[in-house]
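Below: the structure, in structure tokens.
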Amino acid sequence: MKYCRLQTAHGAQYAEVVDRGGRLWVERLIPPFEEGPASDFVDLGSDPFHPLPLDEARTLAPVAPSKIVCVGRNYREHAAELGNEVPAEPLLFLKAPSALISPGEAIRIPGLSKRVDFEGEIAIVIGDRCSKISTDEDPRDYIRGYTIANDVTARDLQKKDGQWSRAKGFDTFCPVGPLVTDEIDPCFAAGAGVGVQTRVNGQIKQDGNTRDFLFKLDVVIRHIAQAMTLFPGDLIPSGTPAGVGPVVAGDVMEVSVAGVGTLKNTVVDE
């Protein structure tokens, strides 16, 4: 299943997305998930929802996470490009939920930073509460689906602070969307993987594949759940491939993940 969250005449609603001859359509409204904002409800009355192409819909961030748990340096070449060692186990950090924005929303460069970078990623959306997953459990059972995230980072502040909360937690620093899908396999089957590509003003900057993860997603989920309880709707950006770089006001960033779509956002000064 694919689903999105969009703005309608009935307020913010979740909706199923289907493929019609190679073009994605918002087909029908569906009830909100348990973590969905209280304003999301299906109450059509006498005004039924009419299907429309996804690229014509006003899509919103399709998740409402209690927390955003990110994985750092999950691609060997990305660790190398920033002069960092490859971690021995998943390297975790938190991104503020208040950084979340929708497709098409502007990313604001804060006056405190002189360098803001893009980091395109595929992200896990958790579907069921999990904690301390046992060895006989399959972490995939806790995955609702996958979406796209851009782990925007104030690189200069990341280096200055020595820890990453401020550099990655600014408002607007976590664009997510445009949909969630459970119809792809990022890395679980032998040889499986999906492409992750970032373009800035149409120029390809990142071009990776999830088959190159240092830590597969089952390892990542187990590692996180040993430390903290994951709740439905929680978001896990899984790491970014090599090629990160700075953006400035006026730039347009597009992060594409095969089988998911494209997340597009512009950059403005604060």
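The values are calculated or read from the model by the stated rules, or taken from the named source; none is laboratory data. These figures come from a predicted structure and were not determined experimentally. So basically every Cβ, Gly included, is an ideal-geometry build from the backbone, and we count neighbours across all protein chains shown. Heavy atoms of the whole protein, side chains included, go into the accessibility calculation; ligands, DNA and RNA do not. Shrake-Rupley method; radii C 1.70, N 1.55, O 1.52, S 1.80 Å.
Quick rundown of the values:
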item	result
Candidate residues Asp40, Asp182: accessible-area rank, largest first, probe 1.4 Å	Asp182, Asp40
Packing-based ranking, highest mean first, of 22-29, 82-89 given that Cβ atoms within 10 Å are counted	22-29, 82-89
Label-zone membership for segment 148-177, site Ala96, 7 angstrom Cα→C-beta point, backbone N under 12 Å	165-174
Residues whose placed amide H lies under 5 Å from that of Arg28, excluding near-sequence neighbours	Glu16
Additional length obtainable on full extension of the chain from His10 to Asp161, 0.36 nm per residue less Cα span	50.0 nm
Estimated vicinal HN-Hα couplings, Hz - segment 203-210 in sequence order (Karplus 6.51, -1.76, 1.60; Gly, Pro = x)	9, 5, 10, 10, 8, x, 8, 5
Inter-site label distance for Ala38 and Ala80 at 7 Å from Cα along Cβ, in nm	5.2
Residues whose placed amide H lies under 5 Å from that of Ile148, excluding near-sequence neighbours	Ala123, Gly177, Leu179
Listed residues Arg129, Arg211 arranged by accessible area, highest first, probe 1.4 Å	Arg129, Arg211
Computed label-point distance, nm, for sites Asp207 and Met228 using a 7 Å Cα→Cβ extension	3.5
Area of Lys95 that stays accessible when all protein chains are in place (1.4 Å probe, Å², to 10)	10
Length released on extending from Asp141 to Glu56, taking residue separation times 0.36 nm less the Cα-Cα span	27.3 nm
Over the chain: Rg over Rh, Cα atoms, Kirkwood Rh	0.95
Calculated on alpha-carbon atoms, Rg and Dmax of segment 178-227 in Å	13.5, 40
Cα gyration tensor category, rounded, prolate or oblate, for segment 161-270 with a/c compared to 1.5	oblate
